[in-house]
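Peer 1: Sharing a structure, written as structure tokens. Questions coming.
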Amino acid sequence: MKQPVTAFSFKKNTDVEALPHAVPEARKQKSTSKPGRKPTSEAGVRQKQVSAYLAMPEWEEFEEKLDGRPASTVLRNLILDYLGK
């Protein structure tokens, strides 16, 4: 087998220029806040959960009154009305 005259080496491509539009865009900085819904009440973060069980006829009547609204929002508004807020 014949040996090469010079040793192999990687050559830097100095004659090739990058296209102007091939420059990577600057990345947007990520938000430092936590993901999810932000508390909208003046009382602050909601930390306590309230739950109740309904009989099937009661649930069906309640679901009919909801008209597609979230049950949690309706119940929270009812509790706030009861508290006088």
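Since every read-out is calculated from the coordinates, none of them should be taken as a lab result. The structure presented is a predicted model; accordingly, all values stated were derived computationally and were not measured. Cβ sites come from the backbone with ideal geometry, for glycine too, and all protein chains shown count toward neighbours.
Peer 1: Under a cut-off of 19 Å between alpha-carbon atoms, report the lysines in cross-link reach of residue 30, not counting same-chain residues fewer than 8 places apart.
Peer 2: 38
Peer 1: To make sure I understand the rule: partners must be lysines, Cα under 24 Å from the Cα of residue 34, and not fewer than 8 residues away in the same chain. Which ones qualify?
Peer 2: 48
Peer 1: In whole Hz, with x marking every Gly and Pro, tabulate ³J(HN,Hα) for region 67-78 from phi via Karplus 6.51 cos²θ - 1.76 cosθ + 1.60, θ = phi - 60°.
Peer 2: Values per residue, Gly and Pro as x: 6, x, 6, x, 4, 4, 5, 5, 5, 5, 5, 5 Hz.
Peer 1: Quick one: 76, 69, 37, fewest Cβ neighbours within 10 Å first, how do they rank?
Peer 2: So the residues, fewest neighbours to most, are 37, 69, 76.
Peer 1: Spin-label point model (7 Å from Cα, Cβ direction): what's the residue 25 to residue 47 distance in nm?
Peer 2: 4.2 nm
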